[in-house]
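Read the structure below first, then the notes.
The values are calculated or read from the model by the stated rules, or taken from the named source; none is laboratory data. Owing to the predicted nature of the structure, the values given are computational and were not obtained by experimental measurement. Quick reminder, even Gly has a Cβ in these numbers, built from the backbone with ideal geometry, and neighbours come from all protein chains shown.
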Amino acid sequence: MITISLCMIIRDEAETIARCLDTVKDIVDEIIIVDTGSVDKTKSILTEYTAYIYDFKWIDDFAAARNYSFSKATQEYILWLDADDVLLEEDRKKFKYLKEHMEPSVDVVMMKYNLGVDNKERAACTYYRERLIKRNKNFKWNDPVHEYIKPTGNIITVGIGITHKKLKQRSSRNLEIFEKMIQSGEKLSHRNCFYYGRELNANGRYDEAMVYFEKFLSQEGGFYSNYMDACIEFSKIYTKKGDTKSAIKTLLRCFEFGVLRAEICCELGIQYEEMKDYERAISWYDIATKLSKPENTLGAVIHNFYDYIPYASIGICYFKLKNIQQAIKYNEKAAEFKPDSFVVNNNRKYFNSLLNCERKQP
């Protein structure tokens, strides 16, 4: 059986740290926490879980803090988590099995990262990350913000999920780190142009975000999912500006970088639906329902865009076209994927009432 060090960097996580550690404490062999300046009750909570608590002066560099946490590990493998991550019970069972049966020749284990989990523990978005790392391979974190490890060697991908249950509101911290990098004269990498664009967009600085999304899209060599996300966010800025034509053109640019994805098809459907061009909206939504969902991808997959959203949207478009029977048909298809959906159930009642009225008419 392999041994595992859990390495975390945290600051002011009194609300979430116990929830996280309770789901993993019986799986790992040691818990190492690097605190970057907590002023709440985080440290007092941590003493109930581990004696390995280290202080690290915050220098606006997530990679530096994570590398410091890795330097304190003593076990064969290193698991990293954020304080608002948890392992759901089914994933805990799978992780225990992996620990007992994994070959020690493995260097990196890629695991699912589940985001936007609803009250039935269904993830809205999933992607894979390097999660379990062989310590003696001396992997290093890169980039001060949106940090990453470049996986090499014997890499396996497993179906174990780490679930992100965010409580804190998004801050301007990442944006400030990028701007310090720029002010110091550092040229942003291709990858960081994308992430800086996202931070600018999230903070309402749309014109600047467009500049960096354009810088990212004008170069090759990035992850396809980043190109897809850049096109979607870029197009939404155009939508905010009332430039629908440019929004659509920006979404279509995504096809330069890879295969058709349902996320882009649905965004195109949304654009045409907003324009009241329901026939074209239906055609894009219909394409989305026919596409296979990517598996084991490093990039994000937004699950509802492959079934529930396009079917529900087609139903609404047919309703707008006064074709109630088709509206009901596609609403019921959406219900197959989300039977508890308020939208689906509300539409079901309304569409059926309209159909009954039609039948009663002489």
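Is region 319-341 home to any residue that is assigned to a helix (DSSP H, G or I), among the hydroxyl-bearing types (Ser, Thr, Tyr) and either under 27 Å from Asp243 (Cβ atoms) or in contact with a His (Cβ under 9 Å, 6 or more places away or on another chain) (or both)?
no
Please verify whether Arg92 is in the same structural domain as Ile27 (by TED's automatic domain parsing) and closer than 25 Å to Ala14 by Cβ, treating the condition exactly as stated.
yes
Scan region 237-260 and report the pairs whose first residue is of a type in the set (Phe, Trp, Tyr) and whose second residue is at pLDDT 95 or above, with Cβ atoms within less than 7 Å and a gap of 6+ or a chain change.
Tyr238/Ser246; Tyr238/Ala247; Tyr238/Thr250; Phe257/Tyr227
Check region 224-232 and report whether any residue there is surrounded by fewer than 20 Cβ atoms within 10 Å (Cβ to Cβ) and either among the charged types (D, E, K, R) or under 25 Å from Asp60 (Cα atoms) (or both).
No, the conditions are met nowhere in region 224-232.
List every residue pair whose Cβ atoms sit under 9 Å apart, with the two residues 6 or more apart in sequence or on different chains, where the first one lies in region 343-362 and is assigned by TED's automatic domain parsing to the domain that holds Asn323 and hydroxyl-bearing (Ser, Thr, Tyr) and the second, anywhere, is modelled with pLDDT of 85 or more and outside any loop (DSSP other than H, G, I, E, B).
As it stands, the answer is Tyr350/Phe319, since those pairs meet every condition given.
Looking for something farther than 28 Å from Lys293 by Cα and not in a helix (DSSP H, G or I) - is there at least one such residue anywhere in region 204-218?
Yes, region 204-218 contains at least one residue that is farther than 28 Å from Lys293 by Cα and not in a helix (DSSP H, G or I).
Mind checking which residues of region 209-223 are modelled with pLDDT of 95 or more, surrounded by fewer than 22 Cβ atoms within 10 Å (Cβ to Cβ) and touching a Phe, Trp or Tyr at 6+ places or on another chain (Cβ under 9 Å)?
Selection gives Met210, Glu214, Lys215.
Which one of Ile32, Ile9 is out of contact with any Leu (no Cβ under 9 Å at 6 or more places or on another chain), more than 18 Å from Leu88 (Cα to Cα) and assigned to a strand (DSSP E or B)?
When all the criteria are applied, what remains is Ile9.
Consider Cys20 carefully, then state whether it is within 26 Å of Pro104 (Cβ to Cβ) and either in contact (Cβ under 8 Å) with a residue 60 or more places away in the chain or not aliphatic (A, V, I, L, M) (or both).
no
This table checks each residue for (1) loosely packed, with under 13 Cβ neighbours inside 10 Å; (2) under 30 Å from Phe337 (Cβ atoms); (3) of a type outside the set (Lys, Arg); (4) out of contact with any strand residue (DSSP E or B) (no Cβ under 8 Å at 6 or more places or on another chain).
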| residue | (1), (2), (3), (4) |
| --- | --- |
| Met111 | no, yes, yes, no |
| Asp118 | yes, yes, yes, yes |
| Ala123 | no, yes, yes, no |
| Lys134 | no, no, no, no |
| Trp141 | no, no, yes, no |
| Thr157 | no, yes, yes, no |
| Lys165 | no, yes, no, no |
| Ile177 | no, no, yes, yes |
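Test each condition in (1) surrounded by 17 or more Cβ atoms within 10 Å (Cβ to Cβ); (2) touching a residue at least 24 places away in the same chain (Cβ under 8 Å) for Asn331 and report the one that comes out false.
(2)
Quick check, is Gly197 of a type in the set (Gly, Ala, Ser) and either closer than 23 Å to Phe257 by Cα or within 19 Å of the chain's Cα centre (by Cα) (or both)?
Answer is yes for this residue.
Tell me, which residue of region 243-260 that is touching a helix residue (DSSP H, G or I) at 6+ places or on another chain (Cβ under 6 Å) and assigned to a loop (DSSP other than H, G, I, E, B) is surrounded by the most Cβ atoms within 10 Å (Cβ to Cβ)?
Phe257
Do we have Leu268 as out of contact with any Gly (no Cβ under 9 Å at 6 or more places or on another chain) and either at pLDDT below 95 or surrounded by 21 or more Cβ atoms within 10 Å (Cβ to Cβ) (or both) here?
yes
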